[in-house]
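Okay, so here's the structure we're looking at.
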Amino acid sequence: MNTSRKTAIIVGALFIMALVLFLIGQAIYEPILGSPDYLDNAYPNRVIVIIGILLEFISALAVVLIPVLLFPILKKYNEVLALGYVSFRLFEAVLLSVAQIFKLSLVNLSQEYLNKGGVDVSYFKNTGNSIQSVIYWVDHDGLVYLFVFGIGGLLLYSALYKSKLIPRWLSIWGLFSAVAILTASVMNTFDISLVLAMVLVIPIGLQEQAMAIWLIVKGFNPSAIASESARTDIN
């Protein structure tokens, strides 16, 4: 099996892993950290919360590996787009890591709150609100994260469209989805039709999984790989 085929399989698996681990991790900790009584419940349920957050952190590692593996291939077709995609995806991983650290700090805040016997509730709630406001902006549904994710998507699918490494209908779907998620981020921030904003996020999730399956089953377009290799040899 050649290098490009192996890369396609690994990248496809990482796209699937990133989404699955994120969904599982969030499902584990969100009922606790997202509840009004998180100060009472976060520390007593810290093992469950930490497991969920660790799964999300592993998901963020997958986000890092995807552009690193794709860069050697994409740069042959357009180095600027390839480098831009790596940069935005790494920034995305940093934002997610910051979000996970702040979520863990809510566990520590819960511990301090319980150690003080639940007194001075307003102080702990205000501190918790400040932590959650940071999480809101940099986590998966925050404006900063969605903007970075959307721009990274535009760069990736522009590179894939130009290179023809995957079918162009998949690349066009990705470009449309990236624009949709950028629109959703603005709508979510300004409380404009939140239901529609949530709907606009769906296409990118479906597209990434469809592309992941394509990469695992079909790999990159052999003719596009061969054409670029021949051009490189001539130069």
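Note that the range 88-170 shows a convex hull volume over its alpha carbon atoms of 88 Å³ per residue. Compute the signed sum of charges (Lys and Arg +1, Asp and Glu -1) over the other residues within less than 11 Å, Cβ to Cβ, of ILE66. Neighbourhood net charge equals -1. Here the gap between ASN108 and ASP40, fully extended at 0.36 nm per residue and compared with their Cα-Cα distance, gives a gain of 23.3 nm. Ordered by the number of other Cβ atoms lying within 10 Å of each residue's own Cβ, fewest first, VAL94, VAL138 fall into the sequence VAL94, VAL138. If R0 equals 25 Å, the separation of the Cβ atoms of ASP120 and ILE50 corresponds to a calculated FRET efficiency of about 0.45.
Look at SER97, SER59, SER130 and count the other Cβ atoms within 10 Å of each Cβ; fewest to most, that gives SER130, SER97, SER59. Residue-wise HN-Hα couplings along the range 137-146, as the Karplus relation 6.51 cos²θ - 1.76 cosθ + 1.60 with θ = phi - 60° gives them from phi, are 6, 9, 7, 4, 9, x, 4, 4, 5, 4 Hz; Gly and Pro carry x. As a proxy for reagent exposure, ranking GLU208, GLU112 by other Cβ atoms within 10 Å from fewest up yields GLU112, GLU208.
The length gained by stretching the chain between ASN2 and GLN209 to full extension, at 0.36 nm per residue less their Cα-Cα distance, is 72.2 nm.
Extension gain, VAL20 to LEU65: 0.36 nm times the residue separation minus the Cα-Cα distance gives 14.6 nm. Over the C-alpha atoms of the chain, the Rg to Rh ratio, Rh being the Kirkwood estimate, stands at 1.06. Based on C-alpha pairs under 8 angstrom that are at least 6 apart in sequence, the chain has a relative contact order of 23 percent. Entry note, the chain: the mean residue ellipticity at 222 nm calculated from DSSP H runs of n ≥ 4, each adding -39500 (n - 2.57), is -29500 deg cm²/dmol after division by the residues and rounding to the nearest 500. Across the range 92-105, rounded Karplus estimates of 3J(HN,Hα) from the backbone phi angles (6.51 cos²θ - 1.76 cosθ + 1.60, θ = phi - 60°) give 4, 5, 5, 4, 5, 5, 4, 4, 5, 5, 5, 5, 5, 5 Hz, Gly and Pro being marked x. Taking all Cα-Cα distances within the range 1-62, those exceeding 13 Å account for 64%. Which trypsin sites (Lys or Arg not before Pro) does the range 64-129 hold that lie in a coil by DSSP with at most 12 other beta carbons within 10 Å? In loop regions of the range 64-129 (DSSP not H, G, I, E or B), the sparsely surrounded trypsin sites (Lys or Arg not before Pro) are LYS116.
Read-outs: derived from the displayed coordinates by stated rules, not from any lab. Quick caveat, the model's predicted, so the values are computed rather than measured. Here the Cβ is made from the backbone with ideal geometry for all residues, glycine too, and neighbour counts use every protein chain on show.
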